[in-house]
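Q: Got a structure here, written out as structure tokens. Questions coming.
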Amino acid sequence: MSEKPKGKMAFYWAASCGGCEIAVLQVDAKILDIAAAFDIVFWPCATDGKTRDVEKLADGEIDVCLFNGAIRTSEQEYMARLLRKKSKVLIAFGSCSQEGGIPGLANLSNRKEIFDTVYKENSATFPENPDDLRPQHETEMPEGTLYLPVFYDTVKTLDQTVEVDYYLPGCPPEGDNIWAAVTAILEGKLPDPGSVIGAHSTVCDECKRIRTEKKIKKFYRTWEIKPDPDTCLLEQGLLCCGIATRAGCGALCPEVNSPCIGCQGANEGVQDFGARLISALASVIDSEDPEEIDQIIKDGIPDPIGTFYRFSLAKSLLRRKKQTV
Amino acid sequence: MIAPKDETRIGVYVCHCGTNISAVIDVEALAEFARGLPQVALARDYKYMCSDPGQELIKQDIVDKKLNRIVVAACSPLLHEATFRRVAEDAGLNPFLVQMANIREQVAWVTDDPVDALAKAKAHVAAAVRRVSKHEPLERRSVDVTPRVLVVGGGIAGIQASLTLAEAGKEVILVEREPSIGGHMSMFDKTFPTLDCAACILTPKMTAVKDERNIRLLTYSEIESVEGAVGNYKVKVRRKARYISEEKCVGCMACIDQCVFTKPKFPNEYDQGLGLRKPVYMPFPQAVPPVPIIDPETCLQLSKGKCKQNCVEACGERGAVLLDQEDTIEEFEVGAIIVATGFKAFDPSVMPYYGYGRLPNVYTSLEVERLVNAAGPTGGKLVLRDGSVPKRVVIVHCVGSRDKNYHTYCSRVCCMYSLKLAHLVKEKTDAEIYNCYIDMRTSGKGFEEFYNRVQDEGVHFIRGKVGDISLVPPENGEQSNRMTIQVDDTLLGKVRNFDVDMVILAVGLEPQPDTDDVRRMFGMSCSTEGFFLEKHPKLAPVNTANDGVFLAGVCQGVKDIPDTVAQADAAAAKALALIDRGTFELEPNTAVIDEDNCSGCRICNNLCPYDAIEYDEEKEVSRVIPELCKGCGTCVAACPAGVITGVHFTNDQIFAEIEGMLFDAMPDLLAV
Ligand SMILES: Cc1cc2nc3c(=O)[nH]c(=O)nc-3n(C[C@H](O)[C@H](O)[C@H](O)COP(=O)(O)OP(=O)(O)OC[C@H]3O[C@@H](n4cnc5c(N)ncnc54)[C@H](O)[C@@H]3O)c2cc1C
Ligand code: SF4
Ligand code: SF4
């Protein structure tokens, strides 16, 4: 590899928790191979670098950009557009950039409600705000005008903002899969543009628990029962999202008796993770009586959106709560 | 002949359907709109697309204009999809590259506003055009058919169908759950409107079933399970222990004579409980097979383990009485199935105001059928429970029928059998007979004439619903069983009260209580009233949703014996058409599981209404059995991994169709 001229790589962090930045290190010692193959031209989390440095690059000069995080501010949108222009290959890295992720759940509310909660109602996050101040995009100060990024009403995925070449799913993506993507880039063996780099099956495929035909009479919260270690968690009434979640993690959570929460997103070809999961579960609830079914759902799934769209609300067909203008 | 793959050339044909469509939709404007859609090579409108010249037009265009996709904007695909697929096939095009836009039922027939109609028709056409461009050529597969038919239910329907099939030289397995075949018809003395004797018609047919070598008759038997699909069903039949060997018994009845019960003591179910029988009995004299049966509930040996077993001794060397007989299971392979499970008579004890079960002289029509029957419990004498002959009799029509509290439908045969019973009771007793009816329904062949005849015989007719039946108050401290009838006479416009000493309730016909189990076992559906649903009332009246399963008799809907027999022959013909051909073509639009990516989560495993999904324990994947799959899409929607594809209903095709529907909201779709 070393004979080849070095490629250029960039990393960026938008609306996300930062776990993706650390996940990159999951490739372990291979990080050195990455460093050998690429010059890292931009990685605000790890190296010093300024936006203007990127602005100065020629269009398409960056070979690969791994972009994590959703788009919820004007600054993130600007960076997404900029990096798109400067990169040959733009990869949505992790759930937040692929499907909105946890930040996407903010689409159940809007800027005003969020600001009210943070700056007014919640004394823990903002104890003293007697004048009911809110962040402003522009603030006049004696020294001149100060700007803060605009906080949008709606969280968007990366591909709702700019064109994306590939997706690396996961919250955060798994080391093996990151390495597989990097290898594919190095060897020039990338799949068709628009593809998700990952498995085409779901977590059940990697889960060792024993499955039988499913009939569910009651859903339990995780603290309510001590699951049997060998039987399918869903069959025990724990709402395991493994049935609908793209494989690739090795069924880490079910392995330790914890139901899958769906961080790897929908499987190949599935348009809407939550809708898939809902129709699958609806088909195995063991009752014909509408009232009983309602009760089973109410009792066992108190937070349906948070359960079915924990990572994918922004990307889903629903996208957001209806705005009352 | 087919144009290169990259060039999609769609032909759009807008049908006028006489004036059915063109009276509401501007068909020329619609064709003009179609011409502007992407990939549309030509669009025409024509008076009747399904007519020969209409079909010819499409064929010619496929050849001359090198069309490789066809859209026909006309009626429901249920009606003519097969037609236009055949047209495409005749012209050398894969038949699945055709799509219909239903602008008749879904547009022209639901509005008379030409502006709305045109707008909606455009949406349908745009949807069909976008969809058809995503169609893939598909191939039909064919399976071999086992040349044997299972008939379930040995009433007149099942008997007739079996005999017709046997006559054609086909093997039939006839399964009847009662100890004898014959069904309801065997309970009647005479049948309307001809008053010919039921036994004279039925008994020869029953005997023919017994003697016919092509028919394997299994009475006192029930279907245990059905597996497989059209052409090749595996059926397990439970032969319930009758404690008398059908093979060894010669029908001498010595066992019955010698039973330790010297007199009949237990109500005979077949006589509606009006007559008595011993634990070992023949349900009725002409029963087929002519072999007695032992009822384990009342037989001392079988229920208490203690009896001299005179029956065994009476049978002697023949050894046909087998008190230790057990149920056995037999397995059969059949290519087609005819379901002829009949009906149950409505039980009027749920209507307290008619006093059935409380007032001794209130009878159901079925009980009276037994009373007037020469082979019945009274030897054909019409007498009340106390042995007296009734002098005034009322027949109450529509009991349980045309009543929103019970069945809203008309049972169709009750008016006619009420006339028949009026005639028979009058003939036997010379009583005054009153028929209280809501409407007199006599629409069959010879029915009105029969009504006139019974009127001429002096039977009274009162148009009105009977509201209440109560005992006449005691006279001189003595309580008789006479009853007062209260009826709202709608012709006189007043409530009438009169006394009678016998009430006959003309009970309706309702689905068998186990209809839902039977429906599930044979992969059928039920209509709202609970009878088995035919595939289409006009186009496929004896077919069901399950391709190899056909319907005959009242289990499909209420009807009289002539209609039952006609339908049974129709079902036999359909079954014959299937098995005689030897092969059956399977529709390719089934579900397919991508086994490489199936996670084996097993969500889909018990969802298929046709049991078409199996689970491979070894490979830990699920699989669709194409012979059984109907392409309903249930599993496609449920698979959380999205690895089940509905062939001919792929996501791509469905989304394309939706986008087409929304053409006016997505203007860029129209860019050619
Ligand atoms: C009181 C009364 C009088 C009538 N009088 C006349 C008349 O005079 N003229 C006329 O044309 N029509 C008359 N009818 C209508 C007539 O009875 C029906 O049209 C006819 O009996 C229908 O025949 P079938 O074979 O469909 O049903 P059925 O006669 O009900 O036969 C069905 C058979 O299937 C068997 N069976 C049911 N379920 C199963 C199962 N799961 N497995 C195996 N076997 C099963 C039953 O035991 C039965 O033997 C009368 C009806 C009533 C109620
Ligand atoms: S499409 Fe319907 S019929 Fe076919 S396997 Fe799936 S559920 Fe069964
Ligand atoms: S639901 Fe889908 S993934 Fe699960 S077993 Fe069935 S086909 Fe396989």
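The values are calculated or read from the model by the stated rules, or taken from the named source; none is laboratory data. Since the structure is predicted, the reported quantities are computational estimates derived from the model, not experimental observations. A quick note on method: Cβ atoms are made from the backbone with ideal geometry, for glycine too, and the neighbour counts reach across all protein chains shown. These area figures cover heavy atoms from the full protein model, side chains too; ligands, DNA and RNA do not enter into them. Shrake-Rupley method; radii C 1.70, N 1.55, O 1.52, S 1.80 Å.
Q: How large is the dipole of chain B about the Cα centre if only Lys and Arg carry +1 and Asp and Glu carry -1, each at its Cβ, rounded to the nearest 20 debye? Mind showing how you got there, number by number?
A: Values: 74 positive and 94 negative charges, 289 e Å.
It comes to approximately 1380 debye.
Q: Considering Cα pairs under 8 angstrom that are at least six residues apart, work out the relative contact order of chain B and quote it in whole percent. All intermediate terms of the calculation are to be shown ahead of the outcome.
A: Values: 1433 pairs, mean separation 93.5, N = 672.
Dividing the mean separation by the residue count of chain B yields 14 percent.
Q: Turning to a different aspect of this structure: Which whole number gives the average, over all residues in A:204-215, of C-beta atoms from other chains lying within 10 Å of the residue C-beta?
A: Numbers: counts 9, 8, 1, 3, 0, 0, 0, 8, 3, 7, 7, 1.
Going residue by residue through A:204-215 and averaging, the value is 4.
Q: What average count of beta carbons from other chains do you get within 10 Å of the Cβ of residues in A:277-284? Let's see the in-between values first.
A: On the way: counts 2, 1, 7, 10, 3, 2, 10, 8.
Mean inter-chain Cβ contacts per residue within 10 Å come to 5.
Q: To continue, here is another question. With contacts defined as alpha carbon pairs under 8 Å and 6 or more residues apart, what's the relative contact order of the range B:234-323 in percent? Show your work: numbers first, answer last.
A: Values: 122 pairs, mean separation 32.7, N = 90.
Computed value for the range B:234-323: 36 percent relative contact order.
Q: Next question, about the same structure. With every protein chain left in place, what is the accessible area of A:Leu83 in Å² (1.4 Å probe, nearest 10)?
A: Ignoring ligands and nucleic acids, A:Leu83 comes out at about 0 Å².
Q: Top mean-square fluctuation among A:Cys20, A:Cys171, A:Cys207, Gaussian network model of chain A, C-alpha springs under 10 Å?
A: Taking springs between Cα atoms under 10 Å, the residue moving most is A:Cys207.
Q: Given a cut-off of under 8 Å on Cα pairs at least six residues apart, what relative contact order in percent is computed for the range B:263-385?
A: Numbers: 109 pairs, mean separation 23.0, N = 123.
Averaging sequence separation for qualifying contacts and normalising by length gives 19 percent for the range B:263-385.
Q: Further, regarding this structure: Looking at B:Gly380, B:Ile294, B:Trp109, which one has the Cα that reaches farthest to the positive end of the dipole of chain B (charges on Cβ: Lys, Arg +1; Asp, Glu -1)?
A: Positive-end residue among those listed: B:Gly380.
Q: Okay, moving on. So with the 1.4 Å probe, I'd like the accessible area per residue for the protein assembly as shown, rounded to whole Å². All intermediate terms of the calculation are to be shown ahead of the outcome.
A: Values: 46340 Å² over 997 residues.
Averaged over the residues of the protein assembly as shown, the accessible area is 46 Å².
Q: Continuing with this model, one more query. So between B:Lys265 and B:Asn497, what do we pick up on full extension, going 0.36 nm a residue minus the alpha carbon distance?
A: Answer, rounded to one decimal: 79.6 nm.
Q: Provide the net charge surrounding B:Gln99, with neighbours chosen by a C-beta distance below 11 Å and charges set as Lys +1, Arg +1, Asp -1, Glu -1.
A: On the way: positive: B:Arg69, B:Arg85, B:Arg130, B:Arg131, B:Lys134; negative: B:Glu81, B:Glu657.
Neighbourhood net charge equals +3.
Q: Please give me, ordered by residue number, the trypsin sites (Lys or Arg not before Pro) of the range B:412-476 that lie in loop per DSSP and have at most 13 other Cβ atoms within 10 Å.
A: B:Lys445
Q: Follow-up. Tell me the GluC sites (Glu not before Pro) within the range A:182-233 that lie in a loop according to DSSP and have at most 14 other beta-carbon atoms within 10 Å.
A: Working: sites: A:Glu187, A:Glu206, A:Glu213, A:Glu224; in loops: A:Glu187, A:Glu213, A:Glu224.
Sites meeting the loop and neighbour criteria: A:Glu187, A:Glu213, A:Glu224.
Q: Once the Cα atoms of helix B:77-90 and of chain B are each reduced to a long axis, what angle between those two axes, in degrees from 0 to 90 to the nearest 10, is obtained?
A: 50
Q: Per residue of the range A:134-147, what does 6.51 cos²θ - 1.76 cosθ + 1.60 with θ = phi - 60° give for ³J(HN,Hα)? Whole Hz please, x for Gly and Pro, Karplus curve as stated.
A: Whole-Hz 3J(HN,Hα) from phi for the range A:134-147: 10, x, 10, 5, 10, 10, 7, 10, x, 6, x, 8, 9, 10.
Q: If you fit an axis through the alpha-carbon atoms of helix B:156-167 and take the longest principal axis of the Cα set of chain B, what angle between them do you get, 0 to 90°, nearest 10?
A: For helix B:156-167, the angle is close to 70 degrees.
Q: What accessible area, in Å² to the nearest ten, does a 1.4 Å probe give for B:Met661?
A: 70
Q: Can you tell me the order of B:80-92, B:302-314 when each peptide is scored by its average per-residue count of other Cβ atoms within 10 angstrom, highest first?
A: Numbers: B:80-92: 17.9, B:302-314: 14.9.
Sorting B:80-92, B:302-314 by mean packing, highest first, produces B:80-92, B:302-314.
Q: Name the aspartates and glutamates eligible as straight-distance cross-link partners of B:Lys619: C-alpha to C-alpha under 14 Å, and not fewer than 8 places from it in the same chain.
A: Cross-link targets: A:Asp205, A:Glu206, B:Asp594, B:Glu595, B:Asp596.
Q: Same structure again: Hey, got the dipole for the range B:333-383? About the Cα centre, +1 on K and R Cβ, -1 on D and E Cβ, debye to the nearest 20?
A: Values: 4 positive and 4 negative charges, 51 e Å.
Rounded to the nearest 20 debye, it is 240 debye.
Q: I would also like to ask the following. Any chance you could check the Cα centroid distance between the range A:263-318 and the range B:567-623 for me, in angstrom?
A: 28
Q: Exactly which GluC sites (Glu not before Pro) in the range A:55-120 are in a DSSP loop and have at most 16 other Cβ atoms within 10 Å?
A: A:Glu61
Q: Would you please put A:45-54, A:121-130, B:508-517 in order of how densely packed they are, using the mean number of other Cβ atoms within 10 angstrom per residue and starting with the highest? Intermediate results must be reported in sequence, preceding the final value.
A: Numbers: A:45-54: 11.9, A:121-130: 9.2, B:508-517: 17.8.
Packing order, densest peptide first, comes out as B:508-517, A:45-54, A:121-130.
Q: Here's another thing I want to ask about it. Say the dipole of the range B:123-180 comes from +1 at the beta carbon of Lys and Arg and -1 at that of Asp and Glu; which of B:Ala126, B:Pro137, B:Ser180 then lies farthest toward its positive end?
A: B:Ala126
Q: What does the structure give for B:603-609 when I average, per residue, the other chain Cβ atoms found within 10 Å of the residue Cβ?
A: Working: counts 13, 5, 5, 6, 5, 0, 0.
Mean number of neighbouring Cβ atoms from other chains: 5.
Q: If you take the accessible area of A alone, add that of B alone, and subtract the area of the pair, what total do you get in Å², probe 1.4 Å, to the nearest 100? Walk me through the numbers before you get to the answer.
A: Values: alone 17480 and 30630 Å², together 46340 Å².
Answer for the A-B pair: about 1800 Å² buried.
Q: Ok, one more. As I understand it, the dipole of the range A:203-315 uses +1 on the Cβ of Lys and Arg and -1 on the Cβ of Asp and Glu, about the Cα centre. Which of A:Pro304, A:Ser283, A:Cys241 lies farthest toward its positive end?
A: Highest projection toward the positive end goes to A:Cys241.
Q: Order the following by accessible area, largest value first: B:Arg370, B:Arg9. Probe radius 1.4 Å; ligands, DNA and RNA are ignored. Don't skip to the answer; put the middle values down first.
A: Values: B:Arg370 5, B:Arg9 60 Å².
Accessible-area ranking of B:Arg370, B:Arg9, largest first: B:Arg9, B:Arg370.
Q: If ligands, DNA and RNA are left out, what is the accessible area of B:Ser443 with a 1.4 Å probe, given in Å² to the nearest 10?
A: The value for B:Ser443 is about 120 Å².
Q: Right, here's the next one. Report, in debye and to the nearest 20, how large the dipole of the protein assembly as shown comes out about its Cα centre when Lys and Arg carry +1 and Asp and Glu carry -1 on their Cβ. The partial results should precede the final answer.
A: Working: 111 positive and 143 negative charges, 364 e Å.
About 1740 debye.
Q: Taking only Cα atoms, what is the 0 to 90° angle, nearest 10, from helix B:414-429's long axis to the longest principal axis of chain B?
A: 20
Q: Which percent of the accessible area of the range A:113-152 is formed by carbon and sulfur heavy atoms (probe 1.4 angstrom)?
A: On the way: 1830 of 3220 Å².
Answer for the range A:113-152 is 57 percent, counting heavy atoms of protein chains only.
Q: I've got another one for you. Determine the sum of side-chain charges near B:Leu37: Lys and Arg each +1, Asp and Glu each -1, restricted to other residues whose C-beta is under 10 angstrom from that of B:Leu37. List each step's numbers first, then the result.
A: Values: positive: B:Arg35, B:Lys122, B:Arg130; negative: none.
Spelling it out: positives minus negatives among the neighbours equals +3.
Q: So, by mean Cβ neighbours within 10 angstrom, what's the order for A:259-268, A:299-308 with the highest one leading?
A: Numbers: A:259-268: 24.5, A:299-308: 15.0.
Those peptides, ordered most packed to least, come out A:259-268, A:299-308.
Q: Enumerate the amide H contacts of B:Val72 below 5 Å, restricted to partners 5 or more residues apart or on another chain; note that Pro and chain-start residues carry no placed amide H.
A: When sequence neighbours closer than 5 places are left aside, the close amide H contacts are B:Tyr13, B:Gln99, B:Met100, B:Ala101.
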